[in-house]
Amino acid sequence: MSFTLPPLPFSTNALAARGMSQETLELHHGKHHQAYVTALNNLVDRNAALKSKTLEQLILLSHKDSALQSVFNNAGQHWNHCVFWESLSAQGGRMPGALEKRVIADFGSVQKFQEEFKAASAEQFGSGWVWLVLAPEGKLKISKSANASSPLASGEGRVLLTLDVWEHAYYVDFRNRRPDFTENFLSKLADFERAAQKLAQTQAEPVQPARAPAAQAARGQAAHGPQPAA
Ligand SMILES: [Fe+2]
């Protein structure tokens, strides 16, 4: 059984009026994300020890193992992109009250949260990701990771939301202007409703490592596709 590219949770033209074009989504999802899935399947096919592993297990197994760097890169990018598609919405940018309260409590204000998020995006040198996580100590935090890494790999917390800051995510629509792409994400695309749902779900569960994107698990992916860590 192979990993499969999950469908987008919206049509490829659904976000065009909010700054993410159909061309970007067709390339980013249909070409870039597909390439990670294809490469991962090829790597797993050639290594019997990997064939029974879930996506999360592959990420944790290959993290910091130089012999499995390619597995980590492609498994990580598959997982990261699944989270990213769930972090976008045509009704994005609106923060529900319950999440806003937590943001104010943990960052000081919504504005400070946005400033910290934008700074993380700007300071991530080269390719990477910006994350909103529930840290192990119970506070919301922003973190950034390089290339294919993530809070799942580093143990920094449970992921609620992410922004892909690889250049392929924004070059068609924003050219080299990553700050404008980040501002547009926070104001028009970020699915804070789903982030709030993930926060509520996470707080209702016992403390565990980061879990797979909820929609992925719900879609019943392939036998060793994204699954809950529980
Ligand atoms: Fe990407």
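Tabulated values for the structure
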| item | result |
| --- | --- |
| Residue within segment 85-95 that is at pLDDT 95 or above, farther than 24 Å from A16 by Cα and not in a loop (DSSP other than H, G, I, E, B) present | no |
| Failed criterion for T24 (all others in (1) within 24 Å of E193 (Cα to Cα); (2) more than 16 Å from the ligand (Cβ to nearest atom); (3) of a type in the set (S, T, Y) hold) | (2) |
| 2 or more residues of a type in the set (S, T, N, Q) and either modelled with pLDDT of 95 or more or more than 14 Å from the chain's Cα centre (by Cα) (or both): qualifying helices (runs of 4 or more DSSP H) within segment 123-230 | 178-184, 192-203 |
| Filtered residues of segment 13-41 (kept if part of a loop (DSSP other than H, G, I, E, B) and either touching a residue at least 60 places away in the same chain (Cβ under 8 Å) or under 29 Å from L58 (Cα atoms) (or both)) | A14, L15, G19, M20, S21 |
| Positions within segment 61-75 being assigned to a helix (DSSP H, G or I) and crowded, with 20+ Cβ neighbours inside 10 Å, in sequence order | S62, V71, F72, N74, A75 |
| Search result, residues across segment 99-133 that are hydrophobic (A, V, I, L, M, F, W, C) and either under 25 Å from F10 (Cα atoms) or not assigned by TED's automatic domain parsing to the domain that holds N176 (or both) | L99, F117, W129, V130, W131, L132, V133 |
| Inter-residue pairs, beta-carbon under 9 Å, first within 15 Å of W131 (Cβ to Cβ) and in segment 69-89, second assigned to a helix (DSSP H, G or I) and among the acidic types (D, E), 6+ apart | W79/E56 |
| Any pair with Cβ under 7 angstrom, 6 or more apart, that starts in segment 42-54 at a residue that is of a type outside the set (G, A, S) and ends at one that is surrounded by 11 or more Cβ atoms within 10 Å (Cβ to Cβ) and not in a helix (DSSP H, G or I) | V44/K51; K53/H224; T54/H224; T54/Q227 |
| Selection count, segment 59-68, where residues are of a type in the set (A, V, I, L, M, F, W, C), touching a Leu at 6+ places or on another chain (Cβ under 9 Å) and free of Cβ contacts under 8 Å to residues at least 60 places away in the same chain | 2 |
| Residues of segment 28-54 that turn out to be surrounded by fewer than 17 Cβ atoms within 10 Å (Cβ to Cβ) and within 18 Å of the chain's Cα centre (by Cα), as a count | 5 |
| Yes/no for A16 being over 28 Å from K139 (Cα atoms) and more than 19 Å from the chain's Cα centre (by Cα) | yes |
| First in segment 166-189 and under 16 Å from W129 (Cα atoms) and within 16 Å of the ligand (Cβ to nearest atom), second anywhere and aromatic (F, W, Y) and part of a helix (DSSP H, G or I), Cβ under 6 Å, 6 or more apart | Y170/F181; F181/F174 |
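Rundown of residues vs (1) buried (at least 21 other Cβ atoms within 10 Å of the Cβ); (2) of a type in the set (K, R); (3) away from the ligand (no atom under 16 Å from the Cβ), yes/no style:
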| position | (1), (2), (3) |
| --- | --- |
| Q77 | yes, no, no |
| W85 | yes, no, no |
| G92 | yes, no, yes |
| I104 | no, no, yes |
| V110 | no, no, yes |
| F117 | yes, no, yes |
| V130 | yes, no, no |
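The values are calculated or read from the model by the stated rules, or taken from the named source; none is laboratory data. None of the values given here were measured: they were computed from a predicted structure. Ideal geometry is used to build each Cβ from the backbone, glycine not excepted, and the neighbour counts take in all protein chains shown.
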